[in-house]
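As structure tokens, the structure follows; a few thoughts come after it.
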Amino acid sequence: MKQSPDTPLPSPEERRRLREAQSLTQAQLAAKVGVSRETVRSWETGRTTPRGRKREAYARALDALTTPQPPAPEPAGPKPAAPKPAAPETEPPAVKPPAETSLRQEQPVRVPVGAALIPLSTADEGPADGEDPAATPVLTPSQAFDALYAFCAPALVRQTYLLTGRRELAREAVERAFQLAWQRWPEVAVDRDPGGWVRATAYEYALSPWHRLRPRHRHPEPPPADAADRVLLDAFLKLPPAHRRTLLLYDGVGLGLPETAAETEASTPAAANRLLHARKAIAARLPELAAPEELHRRLTALASGERLRAARPPTVRTGSEQRARQWTRAAVAFTVVIISATALTLRDAQDHYEPPVAPGATVQGVPPKVAPGPLSRQELELRAKLRAELLNGPERLMPDDH
């Protein structure tokens, strides 16, 4: 059976132009297609590409925007008189506040593990529909970083906890990732997906094998309180790191298969193979989680059931600047040590070449060995004197024979 080719779509710029030509907002077009506003925004910026049924529905919606709509015929007969405007009320009608939503309700609360973590950067997005570009506030780098951190950090800590099963390591990985993002903020700020940049950095730090050598990571942390959550977390952590990351990105975060493959640095067939093996391993231990929707719901409940709080954005920025200063000082001190050692070596090193002495050649500057020969007159007198004085010395202690 041959696979039908994908429905052709215009370029991302043309998609946005068609929508704006009909004075439609991204939310209105998303309602027609049956997706979220963030999905339409990512399609119009070229970050993602629709596939399957969503692609067909999106193509039909764009074709409807391209085809001009005929004006509605006016009804025959006299025009009805315009209604008189009602007199303004002195006070607006009282609006009853909605009842407070209980945390424990029949419908499960959908806490996203990370789907659509962060919108695209302001360089890729245009102003919102009906918004004046001149009225858009310009954020400072600190404000933009704080907004990115406030939007990404809570969900990212929960994701990293699922990857490692350690609460402290999850918080540390997210903080290190954002500290690195603040150090490279000119690069991250213009990235098409800054949230994805931070997520990939946090995942790499959390899955580093060097954490096994740390003393505090040799002992396991307390497991979740719920028995079902403990079984799911144990089954999830028994997967290989690459399979675990692929399953979390696809079934937990909600990325597409090409985006998952790109973030895990694998080909699309390899990512699909990892995903199938991970699902099969989870379903072997938990058959009720064979459906991807149920697996996503359980992963979301497991991650949201832990109280994982990230640090405040100013604390992360301050820690990043302190680490940068410490590394700079360490680099300067190391450079000074190298320069000092080089200078000492140059001072003590020889400044000219001395050829080696050939075997059998006479070494110059060394006095020759003196062979034993006849004694001189002084030596003879000294020997005679020593022999004469030895007899006149103190009496020796000798045993008495008597």
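The values are calculated or read from the model by the stated rules, or taken from the named source; none is laboratory data. Source: prediction; values computed, not measured. Counting neighbours? That spans all protein chains shown, and the Cβs are built from the backbone with ideal geometry, glycine included. Areas reflect the complete protein model, heavy atoms only, side chains present, ligands, DNA and RNA absent. Shrake-Rupley method; radii C 1.70, N 1.55, O 1.52, S 1.80 Å.
In percent, rounded to a whole number, the relative contact order of segment 195-286 is 25, using alpha-carbon pairs under 8 Å and six or more apart.
Between Q378 and N273, the modelled labels are 9.6 nm apart [label points 7 Å from Cα along Cα→Cβ]. Normalised by the number of residues in segment 250-402, the average gap of Cα pairs under 8 Å and 6 or more apart makes the relative contact order 11 percent.
Modelled spin-label separation between A333 and T66, with each label point placed 7 Å from Cα along the Cα-to-Cβ direction: 6.6 nm.
Compute the FRET efficiency between W210 and V366 as 1/(1 + (r/R0)^6), taking r as their Cβ-Cβ distance and R0 = 56 Å, and round to the nearest 0.05.
On the way: r = 58 Å, r/R0 = 1.04.
The value I calculate is 0.45.
Computed over protein heavy atoms with a 1.4 Å probe, the carbon and sulfur contribution to the accessible area of segment 150-229 reaches 58%. When the surface is traced with a 1.4 Å probe over the full set of protein chains, S376 keeps roughly 50 Å² accessible. Rg then Dmax, both in Å and based on the Cα atoms of segment 236-314: 13.6, 45. Can you give me the Cα centroid spacing of segment 35-52 and segment 186-230 in angstrom? Centre-to-centre (Cα) distance: 28 Å.
Contact order for segment 238-307, expressed relative to its length and based on alpha carbon pairs under 8 Å spaced 6+ residues apart, stands at 30 percent. Placing a pseudo-label 7 Å from each Cα along the Cα-to-Cβ vector at A27 and H219 gives an inter-label distance of 5.1 nm.
Heavy-atom accessible area with a 1.4 Å probe sorts Y250, Y205, Y161, Y353, largest first, into Y353, Y250, Y205, Y161. For segment 138-202, the solvent-accessible area with a 1.4 angstrom probe is 37 square angstrom per residue. Rounded to the nearest 0.05, what FRET efficiency do A147 and S340 have when you use their Cβ-Cβ distance and R0 = 45 Å? The formula returns an efficiency of 0.45 here.
Please find the FRET efficiency linking Q326 to T48, where r is the Cβ-Cβ separation and R0 is fixed at 35 Å, and quote it to the nearest 0.05.
0.35
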